[in-house]
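In what follows, a structure is listed as structure tokens, so that the remarks can point back to it.
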Amino acid sequence: MVRPFARHYDSIYSDKDYQSDIAVLTTLCGEKLTACRVVEIGAGTGNHTVRLARLVQELVSIEIDPDFAEMAQLKIRDAASTNIDFQAVPLEKLPSFDFDGAAAFFNVLNYISPEHRQSFIEALAARLKPGSWFVTDLWNGELVLLDPPRPETREKKHGTTSVRQEITPILDTLTGTVRLSYNIEVAQKGSTECFIEELIMHVWRLSELENMLKQAGFADIEFRDRRGFPAAANDGSWHVWMCATRR
């Protein structure tokens, strides 16, 4: 059975502007998207997937969380997208190569633990053609450590569904992680479901990420401020977009 967080994911994040993320990708890559063969890393429930598929010739989308993968496959089926090859495997085990580009949306890199970073970057580089691009968004580790996320409560309505989300973050500076504890209440059609979901976010220092990418064969690495896009990242950019080119 799919866990509640995945089942209600679209309601919990009903205020997220997925199309604006796709617009950022279009701005950064421009004509390179035309007739592209792209790999999407970390599809989640498929909200970026179905939008990205409209822009590219072929999209290979991967997701290792089995509950998210199940929800994404349903969404892809409902969207009748014929150019999506969905696979529930990690990037390191993806059998496809020679991609024109790669995208990882919604802080996917922050879910990668330090012991897997090197293998992830190497697997990414191995699957991209020379001249291809990699676009992702992530937390700026330097600022997260200085100004960690604070507890907050979010309330939103998605159609007839109401969501209350209490978020308690705990920063561990020794391990460079932020544990996010979500206490969620979803009310719909006269019934209420309460559940807890915990996520571990691993902090990347941008300088560390840049060095790893360069060592793996990437160049032209740029960081942009997420809120102020397309402006370059600055000392106050807590959340950033990154674009890199495979040499």
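Kindly indicate the residue of the range 1-53 that is basic (Lys, Arg), at pLDDT 95 or above and not in a strand (DSSP E or B) and also farthest from residue 71 (Cα to Cα) among those meeting that condition. Give the derivation first.
Taking the range 1-53 and keeping what is basic (Lys, Arg), we get 3, 7, 16, 32, 37, 51.
Add one more test, that the residue is at pLDDT 95 or above, and what stays is 3, 7, 16, 37, 51.
Checking which are not in a strand (DSSP E or B) leaves us with 3, 7, 16, 51.
On the way: 3: 11, 7: 7, 16: 17, 51: 16 Å.
Among those that are basic (Lys, Arg), at pLDDT 95 or above and not in a strand (DSSP E or B), it is 16.
Hey, does the range 179-186 have a residue that's outside the structural domain of residue 113 (by TED's automatic domain parsing), surrounded by fewer than 14 Cβ atoms within 10 Å (Cβ to Cβ), of a type in the set (D, E, K, R) and over 30 Å from residue 124 (Cα atoms)?
Within the range 179-186, none of the residues are outside the structural domain of residue 113 (by TED's automatic domain parsing), surrounded by fewer than 14 Cβ atoms within 10 Å (Cβ to Cβ), of a type in the set (D, E, K, R) and over 30 Å from residue 124 (Cα atoms).
Take the residues in the range 67-126 that are assigned to a loop (DSSP other than H, G, I, E, B) and among the β-branched types (Val, Ile, Thr), then tell me which one is surrounded by the most Cβ atoms within 10 Å (Cβ to Cβ).
The first filter runs over the range 67-126 and keeps only residues assigned to a loop (DSSP other than H, G, I, E, B), leaving 80-83, 88-90, 94-98, 105-107, 112-113.
Subset that is among the β-branched types (Val, Ile, Thr): 82, 89, 112.
On the way: 82: 7, 89: 13, 112: 20.
So the residue we want is 112.
Is it true that residue 164 is in contact with a Gly (Cβ under 6 Å, 6 or more places away or on another chain), at pLDDT 95 or above and surrounded by fewer than 17 Cβ atoms within 10 Å (Cβ to Cβ)?
Numbers: in contact with a Gly (Cβ under 6 Å, 6 or more places away or on another chain): no; at pLDDT 95 or above: yes; surrounded by fewer than 17 Cβ atoms within 10 Å (Cβ to Cβ): yes.
Considered against the rule, which asks whether it is in contact with a Gly (Cβ under 6 Å, 6 or more places away or on another chain), at pLDDT 95 or above and surrounded by fewer than 17 Cβ atoms within 10 Å (Cβ to Cβ), residue 164 comes out as no.
It is to be established whether one or more residues within the range 225-234 are surrounded by 13 or more Cβ atoms within 10 Å (Cβ to Cβ), in the same structural domain as residue 48 (by TED's automatic domain parsing), without any contact (Cβ under 8 Å) to a residue 40 or more places away in the chain and over 26 Å from residue 99 (Cβ atoms). Walk me through how you get there before you give the answer.
Initially, the range 225-234 is screened for residues surrounded by 13 or more Cβ atoms within 10 Å (Cβ to Cβ), giving 225-226, 229, 233.
Those still in the list that are in the same structural domain as residue 48 (by TED's automatic domain parsing) too: 225-226, 229, 233.
With without any contact (Cβ under 8 Å) to a residue 40 or more places away in the chain added as a condition, the list becomes 225.
From the residues that got through so far, the ones that are over 26 Å from residue 99 (Cβ atoms) too are 225.
Yes, because at least one residue in the range 225-234 is surrounded by 13 or more Cβ atoms within 10 Å (Cβ to Cβ), in the same structural domain as residue 48 (by TED's automatic domain parsing), without any contact (Cβ under 8 Å) to a residue 40 or more places away in the chain and over 26 Å from residue 99 (Cβ atoms).
Can you find a residue in the range 1-12 that is free of Cβ contacts under 8 Å to residues at least 40 places away in the same chain and under 16 Å from the mean Cα position of the chain (by Cα)?
At the first step, the residues of the range 1-12 found to be free of Cβ contacts under 8 Å to residues at least 40 places away in the same chain are 1.
Next, only the ones that are under 16 Å from the mean Cα position of the chain (by Cα) stay: none.
No, the range 1-12 contains no residue that is free of Cβ contacts under 8 Å to residues at least 40 places away in the same chain and under 16 Å from the mean Cα position of the chain (by Cα).
Which pairs have Cβ atoms under 9 Å, sit 6 or more apart or on different chains, and link a residue in the range 135-149 that is within 28 Å of residue 100 (Cβ to Cβ) to one that is of a type in the set (Lys, Arg) and assigned to a loop (DSSP other than H, G, I, E, B)?
Correct list of pairs: 137/226; 140/205.
Would you say residue 21 is surrounded by fewer than 18 Cβ atoms within 10 Å (Cβ to Cβ), under 30 Å from residue 220 (Cβ atoms) and assigned by TED's automatic domain parsing to the domain that holds residue 123?
Working: surrounded by fewer than 18 Cβ atoms within 10 Å (Cβ to Cβ): no; under 30 Å from residue 220 (Cβ atoms): yes; assigned by TED's automatic domain parsing to the domain that holds residue 123: yes.
The answer is no for residue 21.
Being assigned to a strand (DSSP E or B) and touching a helix residue (DSSP H, G or I) at 6+ places or on another chain (Cβ under 9 Å) is true for just one of 198, 185, 193. Which residue is that?
Details: 198 fails: touching a helix residue (DSSP H, G or I) at 6+ places or on another chain (Cβ under 9 Å); 185 fails: touching a helix residue (DSSP H, G or I) at 6+ places or on another chain (Cβ under 9 Å).
Selected residue: 193, the only one of 198, 185, 193 that is assigned to a strand (DSSP E or B) and touching a helix residue (DSSP H, G or I) at 6+ places or on another chain (Cβ under 9 Å).
Conditions (1) over 30 Å from residue 58 (Cα atoms); (2) outside the structural domain of residue 193 (by TED's automatic domain parsing); (3) out of contact with any Asp or Glu (no Cβ under 8 Å at 6 or more places or on another chain); (4) without any contact (Cβ under 8 Å) to a residue 24 or more places away in the chain, marked per residue:
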| residue | (1), (2), (3), (4) |
| --- | --- |
| 89 | no, yes, yes, no |
| 101 | no, yes, yes, no |
| 122 | no, yes, yes, no |
| 129 | no, yes, no, no |
| 132 | no, yes, no, no |
| 155 | yes, no, yes, yes |
| 167 | yes, no, no, yes |
| 174 | yes, no, yes, yes |
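What number goes with the only condition from (1) modelled with pLDDT of 95 or more; (2) surrounded by 14 or more Cβ atoms within 10 Å (Cβ to Cβ); (3) of a type outside the set (Phe, Trp, Tyr) that residue 147 does not pass?
(2)
The values are calculated or read from the model by the stated rules, or taken from the named source; none is laboratory data. Keep in mind that what you see is a predicted model, and the values were worked out from it rather than measured. Heads up, the Cβs are rebuilt from the backbone with ideal geometry, glycines too, and the neighbour counts pull from every protein chain shown.
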